[in-house]
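Notes to accompany the following structure.
The values are calculated or read from the model by the stated rules, or taken from the named source; none is laboratory data. On a predicted model such as this, the values are computed, not experimentally measured, just so you know. Note that we place each Cβ from the backbone using ideal geometry, even for glycine, and neighbour counts take in every protein chain shown.
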Amino acid sequence: MLLLLPFFVFVTVLMAYPLAYSAWLTLNDIELTDLKPTFVGPDNWLRLGSDPVFITSATNTVIFLLLEVAISIPGGLALGLLVNENFRGRSIIRGSLLLPWATPPIVMAVMFGFIFSDQFGVVNYMLQSLGIASRPVMFFASPQFALIMLVLVASWKNIPLFAFIFLSALQNIPTELMESAKVYKAGAFNRFRHITFPYLKPTMASNSILAAILSVQVFDVIVGITNGGPGRSTYTLYFYAYLTSFPFLHLGYGATMAYIVGIIAVIFAFGVLRMYKVD
Amino acid sequence: MTDEISTGKMKNLSEQKGTDRRRFLKYGAGVVVVAAAAAAGYYALQPAPGPPTPTTTAATTAATTTAPPPVTTAAPITLNFMTAAHHDFYYDQESYKPLAIYMQNNPNVKLNPIVYSFFDVQSKMASAFTAGIYAWDVAYVWGALLEQFDQYFTPLTDLGWSTSQIASDIIPWVQNAIYWKGQFYGYPRENEVFLLHGNKDIMDEKGVAGMPKTYEELLELCKRVHDPDKGVYAFGAGLQPGYLFPVYLCFLHGNGGYLWKNDSQQTVVPDSRESVRAVEDIVDIYKHYMNPGAIQWIADVQTSTDFLQGKHVFDLWFPSHNKVALQPESAMKSVYCDIWPGRKGVADSGSMVAAEGYAIPKKAKYPQDALAFLKYVGNADNQVECYITGSWTPNGQAPLPSFFSDHNDPRLINWPFAYTVKAHVKQQMYNCSRYERPAYTEITAAIEAEVSNAIAGTKTPRQAMSDARTATDKIVATEFERFGGGYFEPWKTVQQDSVQSQFKAILKNFENVPNYYTGK
Amino acid sequence: MVKRNLTREEAIRKIITYVFAVIAATLIIFPYAWIVLASFQNWIDAVTLPPFPVRMVRWTLDNYIYNLSFSTLPKAIADSAIVAIFSAIIVVTMCAWAAYAMSKIRFKGRDLLYNLIIILYMIPGLPMLIPIVVLFKQFGLLDTLLGLIFAHGIILIPLMTWFLVGVFDSVPKDLDEAAQIDGLSRFFTIIRVNMPLVKAGLALILVFSFTISWNELMFSNTIGIVNTPMLQPVILDYLLGTRVQFAQAAAGGVISSLPIVVLAYLLQRYIISGIMKGAIK
C-alpha cells in the first residue's frame, strides 16, 4: 500500500541492495585503490580458517559480547530500579542518564585512556594513595585485562542507556498491582520476582539484543585507547575487518569479516528472542 | 485532542480541510526556509572558488629541453595543501611561520591546510584517487604511498621543472619519499632518524661519563642508572602498535640484520636470526629496564613526557626530544644525543628514517602554483629555518634538512643545539632503512603485533617472529602480484663511498660540536 | 497521609538507595567532568600526579586555542550539523508513513515487516559501508554532502522506524477510527490527528537521530574525504596524528561533544516526558 512505499524504496536502495552487493563482494578480490572487483569465488571465506588473526579476533569478539551483556543488562536493570525509586536528587541522575550515550566515542577514548593511564591516571593515583596498589596497575597495558577494561568502558556507555529504557518500562507497570502486593505484605524481593520481572522480560530481551549489537560494533574506543594491543589482545572482529578494508585496502576480505560480524549479532539476537519466548 | 472529539469541539470537515491545508503549507514553508538557510550557510563557508587554470600548458614534451619557467596564476586562488598531522607545518610556529610567509610573498595565494593523521592518509588517498575527484593541489607523500599511487601524481619534469638539482643534492634516505621508477614527483620535507638520547643530569649524578659505544655498554649503563624505587627507569621507548616498528628496526639493524631478502619479491624476513635476536633484546630490556606500562605507551605522548620529567634516563626517538628539554616545564635540563649503538663486533650502529615529502596530484587545480609552493618548501630557508626555529611545542616534530648542501648553512652549524644535527648526520651513515613498499601498513601491523606479543610474554620471540613470517609471506605474495617488486633500497646507495664521503664532509663542519647540551 | 516513622525495611531501603545513587551519579558524571577539567589545565600539569584537587595547577585556554586553530574546524562543524539535520529529516519523512501503517493498520505481513526492521537494526555499519563506498564512487556521491546524508540515513533507518512505530502506538486507535468515520482520508488522519499528539515523541526522535549522526565516525571518515570534512574525523585526525597531549585531546573532545551534551541536558525534561508518553517501548 502507498504508505509503505517510501520506506520500502528507501530501504531497498540504501540497505537491501548494498547488503546484497556486499555479499557478492565477499566473493571477489577488490582493493580500495582501484575498486575493480575480480571474481575469486569462495576464496575469501576459505581464507578465514587459516587466518590466525581472524580466529583471535573472533574469539575476542565473542568474549566481549558475552561479558558486555552479562555486565550491562543487570547493571542497567539495577540502575533503572534505582532511579525508579523516589529520592531527592533523582532528577539529576535521570537527567544525566543519556550523557554517556551522547558522548562521541572518541571523547570516551580520551576520557578513559586518561583516567586509567598507568602513568598519570587518577584511578591509579587513588589506588596507590589508598595503599591498595603498590605499583601502578596496568589497566590497558596488560594482555589479560585490556579487553575486560574495554568491556567496562563500553558498559559505562550502555548501562545508563539501558537504565533509561528499563525506567520507561518500569513506569508502565500498573501501580494497583504493586499496591495490592504491598497490602498482602509481599516482600520487596517477591514483589520484584513476581510482578516487576515478568513485566520487564520483553524489555530485557530487546535490551540484550541492543547490548549485542552495540558490543560487536565497538570500534572507536579500541582505536583510541589500545589500537589492538598489547599483542592482539584487543583485536575484535569489527576492528580487524575495518583494518583490513581501509588501512590495508582489501575490501573483499574485509567485507567477508564484516558479514560475519553481522551474522554473530543476528545469531545472538535470535538466541535471545528464543530464550525469552520459551520462558 | 481526545477531549475535542468526544465533546464535539472539533471543527466541521470543510473548515478542517482548510486548516489542514494551511498548516501543511506552513510546515512546508518552514522546512524550505530552514533548508535554504542551511544551504546558504554551507555555501558561505566554502573557500572562494578561483578562476579556471590558466591556459599556459606545462611542458609535457621532452623533459630535457630547457623550457622557460612555467607561469603561475596571477588571480587569487586557494591551494588545498594536504599534510600529515605530525608535520605541524600548518600550525605556524611561534617564531617561523612558513605558511604565513609564503602567503605574504604571494598575496594571491591562499593556502588551505587539510590535515590527516598519518594512519589515515593512505585510505583517504585511495578513496580520493579512485573517486577521481579534485582533492588537493599539494599532497603529503612518502615512499609507501608513492609506490602505490604514482599514477595519480604528476612528475615534476612534466611541469617543466628540471630535477637534476634535487637528484644530485638529496640525501638518499629521503629520496624514497619523492622518487619512484625514474621520476621525481615532489620535494622532500621530512628527514628524521631515531637517535639515542640520555638524561645528562642523571647521568652526571651517577658518574656516567658519556654515551655508550656498543649495545652491551648501553646495558651496563642501564644497570647503573636503573632506580625504579625512586621512580627512575633506565630505558624508555614507545612500544604501542603503530609506533613499535621503528623501535624494532633500530634493534634489528643494531644486530646487523636486514629485513628484506635479496630476491625478486624482496621477501620480508622477520624470522631471520638477527631479527629474533633483536626481539629478544627488546623483550630483555623491557623486562629489566623499562616501565611496564611502556608496552602500550605512545612515543610522543607518554614516553616523551616521561623522559622530560626525568623518569627514564635513556630514550630512543626522533631528535625532537632535545627541544623538549628546553621547555620551561621540563625537569631535565641537560641532554645527550648520539647514535644508536649496535652489538659489539656485529654492527656499529643502525637506525630507521622517516622520510616524507610533498607531491602534486594529477587532479590538482593549479599545478604550477603548487609547484611554486613546493619549491618554497624544499628551499634551504624553509628547511633550515623550520628546523632551528620550529617545534618548541609538545607536539613538535620538526625534521632536519633533506639536502646535503643545506648542512653547510651557517645557521645550522652555529646553532646552539647543533649537537642534534651532528648526531643526525652521523646516524645517517649507517643502515636506517624503513623498508617502504606498497603493503607497508599491513606488513608492519603484522610484525608489530607479534613483537608486542613477545614483549607481553604471550609468545616467545622465536614463535612470535615465525608467526610474523607466516603472515608477511602471504601479504608479500599478494603485493608482488599487484606491483611486481623493484622497491627502492637506499642503504645500497648510502653504503657507497661517494655518499659516505659526503656525510663525512658535512661532519667536518660539526667537529667541535659536543654530543650533548647543557641547560641551566 | 499521616507522617510516621519509617519501618526498618524502609529505612534500610532508603540508605541503600542513597548510597547507590551517589555511586551511580559519580560514575556517570565523573569521567566527563574530569575531561572538562583537564582541558583547561596546562598540558604538563594535566599529566603530572597528583592531579588537580590535590595539587594546584595552572589554568589556561591554550588547549582550546590549539584546537580552534584548525582551519577545517568551522566547515567540519557546519557540515556535520547539516548532515545530521538533513539525514534526520529525511529518515523521519520517509519512514513515518510506514511506521504509522505498522502501528495502526492490520495488514498482511505486518509482523514480518516488524521483524525485518529488527533484523536490519542488528546489522552493524561496516558490512554496509564497504559496498556503499564502491556504489557511491560509481554514482559520484563520494565526498559529497548528499552522499553523507544518505550514508547516515542508512544507519538511522531501522532504529528510527522502530521508535516511530512506538510513537504512533501511543496514539489510541479509536482516534483514528473516529476520524475515519468522520470522513478524513488516511493521509489527513495522520497529519491532523496523529501528528499533534506525537510532537513530543517526534522531537525526541529527531534529537536522537541528530545525536547518532553527529557522533558517527566510521561512515563520516570514509565517505567524507576532503571537500566534506566532518567533525568527528577531523578531531580524530588531530588526536591520532600528532598524538597530542591529553590536555589538548581533552579540549578537542569537549569541543566535539559540547553541542550534544548541551542538547541532551536542555531537552532532558522533554525526553523524559516523551518516555512517559510511550515514545520508547
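Miscellaneous remarks
- Subset of segment B:457-470 [at negative phi and either modelled with pLDDT under 95 or of a type outside the set (A, V, I, L, M, F, W, C) (or both)]: B:458, B:459, B:460, B:461, B:462, B:463, B:466, B:467, B:469, B:470
- Odd one out for residue C:70, checked against (1) in the same structural domain as residue C:212 (by TED's automatic domain parsing); (2) over 22 Å from the mean Cα position of the chain (by Cα); (3) at pLDDT 90 or above: (3)
- Residue, modelled with the lowest pLDDT, within segment B:343-382, restricted to residues that are over 19 Å from residue B:122 (Cβ atoms) and charged (D, E, K, R): B:381
- Tally, over segment B:476-486, of residues that are surrounded by fewer than 20 Cβ atoms within 10 Å (Cβ to Cβ) and in contact (Cβ under 8 Å) with a residue 40 or more places away in the chain: 6
- Residue check for residue A:190: at pLDDT below 90, more than 16 Å from residue A:69 (Cβ to Cβ), surrounded by fewer than 16 Cβ atoms within 10 Å (Cβ to Cβ) and within 10 Å of another protein chain (Cβ to nearest Cβ): no
- Looking at A:52, A:6, just one residue is surrounded by fewer than 20 Cβ atoms within 10 Å (Cβ to Cβ), within 9 Å of another protein chain (Cβ to nearest Cβ) and at pLDDT 90 or above, and that residue is A:52.
- Enumeration of residues in segment C:126-140 that are touching a residue at least 24 places away in the same chain (Cβ under 8 Å) and more than 7 Å from chain A (Cβ to nearest Cβ): C:129, C:133, C:136
- Criterion applied to A:205, A:211 was being among the aliphatic types (A, V, I, L, M) and within 11 Å of another protein chain (Cβ to nearest Cβ), and the one residue passing it is A:205.
- Restricting segment A:253-267 to residues that are crowded, with 23+ Cβ neighbours inside 10 Å and more than 7 Å from chain C (Cβ to nearest Cβ) leaves a set whose member that is nearest to the chain's Cα centre (by Cα) is A:257.
- Selection of segment A:218-248 for residues being free of Cβ contacts under 8 Å to residues at least 24 places away in the same chain and of a type in the set (S, T, N, Q) yields A:227, A:244.
- Leading residue by the ranking (farthest from residue B:367 (Cα to Cα)) among those in segment B:141-160 that are part of a strand (DSSP E or B) and of a type outside the set (Val, Ile, Thr): B:142
- Within segment A:227-242, the set of residues being within 7 Å of another protein chain (Cβ to nearest Cβ) and under 21 Å from residue A:264 (Cβ atoms) comprises A:228, A:232, A:238, A:241, A:242.
- Some residue of segment B:397-407 being assigned to a loop (DSSP other than H, G, I, E, B), among the small types (Gly, Ala, Ser) and surrounded by fewer than 23 Cβ atoms within 10 Å (Cβ to Cβ): no
- Pairing each residue of segment A:103-130 that is more than 7 Å from chain C (Cβ to nearest Cβ) with any residue that is surrounded by fewer than 20 Cβ atoms within 10 Å (Cβ to Cβ) and aromatic (Phe, Trp, Tyr), provided the two are 6+ apart or on different chains, yields no C-beta distance under 6 Å.
- Yes/no for residue B:315 being in a strand (DSSP E or B) and modelled with pLDDT of 85 or more: yes
- Qualifying residue in segment C:194-217 (condition: outside any helix (DSSP H, G or I), modelled with pLDDT of 85 or more, in contact with a Gly (Cβ under 7 Å, 6 or more places away or on another chain) and within 30 Å of residue C:62 (Cα to Cα)): no
- Subset of segment C:218-227 [modelled with pLDDT of 90 or more and either closer than 22 Å to residue C:63 by Cβ or of a type in the set (Val, Ile, Thr) (or both)]: C:222, C:223
- Answer from B:433, B:452 - the residue that is buried (at least 18 other Cβ atoms within 10 Å of the Cβ) and not in a helix (DSSP H, G or I): B:433
- Meets criteria (within 30 Å of residue C:140 (Cα to Cα), surrounded by fewer than 24 Cβ atoms within 10 Å (Cβ to Cβ) and in contact with a Pro (Cβ under 7 Å, 6 or more places away or on another chain)) for residue C:206: no
- Looking across segment C:90-108 at every residue that is of a type in the set (Val, Ile, Thr) and in a helix (DSSP H, G or I), the one that is surrounded by the fewest Cβ atoms within 10 Å (Cβ to Cβ) is identified as C:93.
- Filter pass, residue A:22 being at the interface with another protein chain (Cβ under 7 Å from one of its Cβ atoms) and either charged (D, E, K, R) or part of a helix (DSSP H, G or I) (or both): yes
Yes/no matrix, rows are residues, columns are (1) in a loop (DSSP other than H, G, I, E, B); (2) in contact (Cβ under 8 Å) with a residue 24 or more places away in the chain; (3) more than 9 Å from chain C (Cβ to nearest Cβ):
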residue: B:107; (1), (2), (3): yes, no, yes
residue: B:113; (1), (2), (3): no, yes, no
residue: B:122; (1), (2), (3): no, yes, yes
residue: B:126; (1), (2), (3): no, no, yes
residue: B:130; (1), (2), (3): no, no, no
residue: B:139; (1), (2), (3): no, yes, yes
residue: B:162; (1), (2), (3): yes, yes, yes
residue: B:176; (1), (2), (3): no, yes, yes
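- Listed by position, the helices (runs of 4 or more DSSP H) enclosed by segment C:5-89 that each have at least 1 residues that are on the phi < 0 side of the Ramachandran plot and small (Gly, Ala, Ser) are C:8-39, C:43-46.
- Applying the condition of being in a loop (DSSP other than H, G, I, E, B) and closer than 25 Å to residue C:211 by Cβ to segment C:229-245 and asking which residue is farthest from the other protein chains (Cβ to nearest Cβ) yields C:230.
- Breaking point among (1) surrounded by fewer than 20 Cβ atoms within 10 Å (Cβ to Cβ); (2) more than 8 Å from every other protein chain (Cβ to nearest Cβ), for residue A:72: (1)
- Checked against the criteria, residue B:299 counts as buried (at least 24 other Cβ atoms within 10 Å of the Cβ), in contact with a Lys or Arg (Cβ under 8 Å, 6 or more places away or on another chain) and within 14 Å of chain A (Cβ to nearest Cβ).
So that you can scan it fast, the table gives a plain yes or no per residue for (1) within 14 Å of another protein chain (Cβ to nearest Cβ); (2) surrounded by fewer than 21 Cβ atoms within 10 Å (Cβ to Cβ):
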site	(1), (2)
B:344	no, yes
B:350	no, no
B:359	no, no
B:364	yes, no
B:382	no, no
B:412	no, no
B:420	no, no
